[in-house]
Amino acid sequence: MKKEYKYKDRRLVGSGDGDCPIVVYSNPIESEKKYLIETLKLDEHTLQSALDPHELARLEFEPDHVALIFKRPQNYSAEDQFLFKTASVGAFLFKNQLVLVVNEAYPLFDTLIFNQERSLPFILLKLVYSTIFHFLEHIKVISSISDELQNKINRSMENRHLISLFTLQKSLVYYLNAINSNGVLLDRLHLNEAKIGLGTEEKELLEDTIIENNQCYRQAEIYSNILAGLMDARVSIVSNNLNVLMKTLNIITIAIMVPTFVVSAFSMNVPIPLEKHPLAFYIILSLAFLSVLGFILFWRYKKW
């Protein structure tokens, strides 16, 4: 699907006027891919890489444009079951046009506000800059979910909470790889500032983006290390909860068996003491009660 954008009220809004400076292709169909390859002269491999969620970020120079692929968090859905994935964005910077290719409909410019009309390289860098904060927001959500899961694990003996925690840890590994890949891309952009034609404002924004990306990577790394360090402890907690349950069940079983033995002993079909006593029923019940009380006192004495 093709969508064009232009400046309006300090924002980039969708437009159907044609000849817009920014064009976004969301999951392009074959005819759109053919136009991008044959008319705009995009490299076919680079175009396919822009639609591949597993592709690493990179920078390439073509005769009439600069091709970038950077990573972003993929939109989360309940079907992912706590697995936060990453996606790729292909950015093709021409002299008078910026073409973006994504594998799904994604609000690229909804959070971007500009004081004035900016150059295409500035818009591209601003887009990468906003992606960093998108990663940070997802990392905070992962941290919040992991805290909730850990509280459930403390009271649960089920494996599903542990599996969800493992999935979150896997997500952070994906994010670390994507953020690091973006960092390599930003370093290459910094080395090729003159070749790309970045102005003073673009250079300042690029430096800020590099700093924010490094901080984002460190924060994701901290969360990943903490989560990994707690996994063994959480597994031990689940095992300990199971042991406590087995201990409780054993207590209940023994507590039932002791009075049952007393009652069974006086229920045998043979001559037994007290069978002619008028209070035999109450005496037997009292003995059963005393056996339970004796068991409880013995259990506490042993501190089991």
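Each reported figure results from applying straightforward, stated rules to the coordinates on display, with no laboratory input. Predicted, not measured: the structure shown is a model, and the values here were computed from it. Here the Cβ is made from the backbone with ideal geometry for all residues, glycine too, and neighbour counts use every protein chain on show.
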task = At 0.36 nm per residue, minus the direct Cα-Cα distance, what do residue 137 and residue 96 gain on full extension? Give it in nm, one decimal, please.
result = 11.5 nm
query = If the cut-off is 27 Å between C-alpha atoms, which lysines fall inside it for residue 302, apart from same-chain ones fewer than 8 positions away?
reply = 247
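Report D for the chain in µm² per second (integer): Stokes-Einstein, Kirkwood Rh on Cα pairs, 20 °C, 1.002 mPa s. Provide the component values of the computation, followed by the final result.
Numbers: Rh = 24.3 Å.
Answer from the Stokes-Einstein relation: 88 µm²/s.
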remark   = Listed residues 58, 188, 72; largest mean-square fluctuation, Gaussian network over the chain with Cα springs below 10 Å, found at 188
key: For the stretch 242-302, diffusion coefficient by Stokes-Einstein and Kirkwood Rh (Cα), 10 °C, 1.306 mPa s, µm²/s   = 122 µm²/s
query = Points 7 angstrom from Cα along the Cβ direction at residue 219 and residue 159: gap in nanometres?
reply = 3.5 nm
request  = Kindly write out, for the stretch 84-94 in residue order, the coupling ³J(HN,Hα) from the Karplus curve 6.51 cos²θ - 1.76 cosθ + 1.60 (θ = phi - 60°), rounded to whole Hz, with x marking Gly and Pro.
outcome  = 8, 9, 10, 9, 10, 10, x, 10, 10, 9, 9
In sequence order, calculated HN-Hα J values of the stretch 189-197 (Karplus, 6.51, -1.76, 1.60; Hz; x Gly/Pro) = 4, 5, 6, 10, 4, 5, 5, 7, x
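Tell me, what is the FRET efficiency for residue 267 and residue 299 to the nearest 0.05, using R0 = 22 angstrom and their Cβ-Cβ distance as r? Write down the numbers at each step before the final one.
Working: r = 26 Å, r/R0 = 1.18.
The value I calculate is 0.25.
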inquiry  = My understanding is that a pair violates if its Cα-Cα distance is over 25 Å; which of 2/170; 85/140; 2/195 do that in this structure?
reply    = 2/170; 2/195
key: Most mobile listed residue (153, 69, 254) in the chain, GNM with C-alpha springs under 10 Å   = 254
ask   = Of 148, 55, 30, which has the largest mean-square fluctuation in a 10 Å C-alpha GNM of the chain?
value = 30
query = In nanometres, what is the gap between the two model label sites at residue 286 and residue 48, each 7 Å from Cα along Cα-to-Cβ?
reply = 9.1 nm
inquiry  = Considering only C-alpha atoms, what is the centroid distance from the stretch 30-55 to the stretch 75-97, in Å?
reply    = 15 Å
query = Helix-derived [θ] at 222 nm for the chain: sum -39500 (n - 2.57) over DSSP H runs of at least 4, divide by residue count, nearest 500?
reply = -20500 deg cm²/dmol
